[in-house]
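Everything below concerns the one structure shown next.
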Amino acid sequence: MDTKQSKMNVLMLPWLAHGHFSPFLELAKKLSHRNFHIYLCSTPINLSSIKKRITENYSLSIELVEIHLPSSPELPPHYHTTNYLPIHLKSALKTAFEMASQSFSNILKTLSPDLVIYDFSPSWAQSIASSYNIPAVQFMICGAMVISFGNHMFKNPGVEFPFPAIQLQGFHEARFRHFVETATKESEDRRVAPVNDQPSCNFMLYNTCRELEGKYIDHLSVIAEKRVVPVGPLIQGMVDDENEHSEIIQWLDDKDESSTVFVSFGMCF
């Protein structure tokens with residue numbers, strides 16, 4: 001029987017939203033079939049809500065690890081998740097997550113994983129992993145197109161995006177540029193170096209596939225100066241069927257080529 005010592009141990013740290021947690025969990029299931037042992041790290045309230053999704057098939061390969069955020073009268077432990085979080089506490093939750101760096105450092109020191117897979121937040125995941133000489137790779141739960149478009153607008157202002165089917169005009173373009181500028185300023189305020197300047201893996205994981213977004217994946221690889229590795233689309237329940245004959249696959253088998261569009265909702269920040 002395989003033990004954790006004979007497997008590659010990976011610690012995953014998703015953002016505290018179920019729309020982020022779900023694709024991380026599905027990726028963990030995929031990796032567990034390839035002789036990886038997964039430590040899935042989140043707050044107790046988040047972990048309690050997904051325990052039932054860790055079925056017996058994964059009970060030995062996916063281990064839940066608690067990270068503790070500082071509590072306050074404004075943000076008690078049951079609010080350490082975006083699920084049912086009052087909108088006015090969104091900023092407080094992000095701040096609390098940023099303040100949990102020591103808890104994460106202790107977790108890495110104790111578990112000593114071979115790899116860290118982290119989300120867009122918090123800002124310190126990569127640097128703390130690097131301090132323990134643990135490689136870290138970022139996993140983006142969204143598709144490549146929107147990130148490719150945003151990176152292009154930020155790095156090549158005034159240059160038309162090479163895929164004219166994707167365009168923003170007027171109000172929407174102004175709002176998108178404001179979003180990019182705000183995100184950039186937040187990173188600078190936290191004194192976080194750009195991703196490309198931090199020691200890390202030279203690739204990023206995306207919840208997409210080449211059949212859907214091949215040209216955007218290639219363009220993003222050039223813009224971001226990192227290889228973009230598609231690992232999806234990650235859909236709840238699809239990786240649980242080892243024979244790959246789930247209800248969804250059977251339904252798709254009856255469809256003509258290029259006749260079906262995949263649309264996913266539920267992304268939550």
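Could you look through the stretch 1-26, keep only residues that are farther than 23 Å from Ser103 by Cβ and hydrophobic (A, V, I, L, M, F, W, C), and pick out the one that is surrounded by the most Cβ atoms within 10 Å (Cβ to Cβ)?
Within the stretch 1-26, the match that is surrounded by the most Cβ atoms within 10 Å (Cβ to Cβ) is Met8.
Just to be sure I understand, how many residues within the stretch 82-111 are more than 14 Å from Leu13 (Cβ to Cβ), outside any helix (DSSP H, G or I) and within 21 Å of the chain's Cα centre (by Cα)?
Within the stretch 82-111, residues that are more than 14 Å from Leu13 (Cβ to Cβ), outside any helix (DSSP H, G or I) and within 21 Å of the chain's Cα centre (by Cα) number 5.
Under the condition of being outside any loop (DSSP other than H, G, I, E, B) and more than 22 Å from Ser221 (Cα to Cα), which residue from the stretch 155-180 is modelled with the highest pLDDT?
This residue is Arg175.
Within the stretch 51-67, count every residue that is buried (at least 16 other Cβ atoms within 10 Å of the Cβ) and either of a type outside the set (S, T, N, Q) or in a strand (DSSP E or B) (or both).
Total meeting the criteria: 8.
Is there a residue being without any contact (Cβ under 8 Å) to a residue 12 or more places away in the chain and surrounded by 15 or more Cβ atoms within 10 Å (Cβ to Cβ) anywhere in the stretch 74-91?
Yes.
Sort out which residues of the stretch 234-269 are small (Gly, Ala, Ser) and modelled with pLDDT under 75, and write them in order of number.
Gly237, Ser246, Ser264, Gly266
The values are calculated or read from the model by the stated rules, or taken from the named source; none is laboratory data. The model shown is predicted, which means the values in this text are computed figures rather than measured ones. Cβ coordinates were reconstructed from backbone atoms using ideal geometry, including for glycine residues, and neighbour counts include every protein chain displayed.
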